[in-house]
Every structure is written in C-alpha cells, then in structure tokens.
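A short worksheet on the structure shown next.
The values are calculated or read from the model by the stated rules, or taken from the named source; none is laboratory data. Remember, predicted model here, so these are calculated numbers, not experimental data. Here the Cβ positions follow ideal geometry from the backbone for every residue, glycine too, while neighbour counts run over all protein chains shown.
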C-alpha cells in the first residue's frame with residue numbers, strides 16, 4: 001500500500017484507526033468548511049454506535065465543529081448524513097449516496113480497511129455524496145437619495 005497522505009495520518013492518530021466512515025466524515029466536514037469558512041454548526045444523524053458514528057470524528061477533525069465547543073450535535077438515527085449551517089442560516093445537507101453506503105457496509109472489515117479508506121479519500125465528492133444547499137433570502141436594500 002502507498003503511504004497515507006499527511007491529513008489521513010493525522011486523522012488516524014486522532015481517531016485511533018483509519019476506517020471508511022471516519023474518512024467519509026472528514027470529507028463531509030471539509031466540504032462544509034469550504035462552503036462556510038467562518039462560524040459553522042453541524043447536526044449529524046448517525047447515533048452513537050460505531051462504525052457509523054465514526055463519521056462524527058471525521059467531521060470534527062475537518063470542520064472545526066466540536067463537542068467541546070458545542071457547535072456539533074449528534075442525533076439519534078442511523079443515517080450517514082449531516083446538516084451544516086452558518087450563523088445566518090445558510091444550510092448544506094451532505095448525505096452519503098445509498099449505493100456507496102451499501103458498498104461500504106458490504107466491504108467493511110478490519111483487513112484492508114486502510115486501503116479502502118484511502119480509495120474513498122481519493123474519490124471525487126460527487127461520486128460519494130448527495131449535497132443540497134439552501135440560502136437564506138435576505139431582503140434587498142433600497143437606496144434612497146438625500147433630500
């Protein structure tokens with residue numbers, strides 16, 4: 001196997017191993033951070049049971065949404081999905097595509113998990129995720145002339 005990129009070595013050190021769901025969460029959080037570079041909040045719908053809940057660690061690592069700061073919430077459920085919001089209410093929902101979730105779950109095993117995780121890391125986000133974005137409508141300002 002080729003050497004892991006630095007960011008995956010750091011993620012592995014943080015999480016304790018490098019499995020597919022922590023990598024997918026990392027990619028989700030990185031996409032959200034690019035969209036919302038300032039203040040950001042996350043709601044994750046994995047529940048707290050591994051391996052799916054490993055998404056949470058990946059999201060924390062890349063988005064700067066952390067349990068300690070209180071800007072991430074882990075909700076009951078078993079969805080590979082997270083909602084990200086900025087402070088004015090713009091929203092991005094990132095969900096692992098159904099066929100990718102089935103593939104990951106089918107191929108989940110300790111043996112070869114780093115290789116599979118690296119493959120996921122190198123895949124284009126459009127192959128992995130369905131992304132929906134909504135923007136808050138702001139009232140337009142009218143300019144008035146001086147009297």
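Just a few scattered comments:
- Residue 106 being at pLDDT below 95 and either closer than 26 Å to residue 136 by Cα or in a helix (DSSP H, G or I) (or both): yes
- When residue 123 is tested against (1) farther than 26 Å from residue 3 by Cβ; (2) free of Cβ contacts under 8 Å to residues at least 12 places away in the same chain; (3) touching a helix residue (DSSP H, G or I) at 6+ places or on another chain (Cβ under 9 Å), only condition (1) is not met.
- Complete set of residues in segment 92-103 that are buried (at least 18 other Cβ atoms within 10 Å of the Cβ) and part of a helix (DSSP H, G or I): 100, 101
- Subset of segment 1-26 [surrounded by fewer than 18 Cβ atoms within 10 Å (Cβ to Cβ), closer than 18 Å to residue 107 by Cα and at pLDDT 95 or above]: 17
- Considering the conditions (1) in contact with a helix residue (DSSP H, G or I) (Cβ under 9 Å, 6 or more places away or on another chain); (2) closer than 22 Å to residue 126 by Cα; (3) not in a strand (DSSP E or B), residue 78 is excluded by exactly one of them, (1).
Here is a yes/no grid of residues against (1) farther than 12 Å from residue 82 by Cα; (2) in contact with a strand residue (DSSP E or B) (Cβ under 9 Å, 6 or more places away or on another chain); (3) in a loop (DSSP other than H, G, I, E, B); (4) in contact (Cβ under 8 Å) with a residue 60 or more places away in the chain:
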position: 3; (1), (2), (3), (4): yes, no, yes, no
position: 10; (1), (2), (3), (4): yes, no, no, no
position: 14; (1), (2), (3), (4): yes, no, no, no
position: 18; (1), (2), (3), (4): yes, no, yes, yes
position: 38; (1), (2), (3), (4): yes, yes, yes, no
position: 49; (1), (2), (3), (4): yes, no, yes, no
position: 57; (1), (2), (3), (4): yes, no, no, no
position: 60; (1), (2), (3), (4): no, yes, no, no
position: 65; (1), (2), (3), (4): no, yes, yes, no
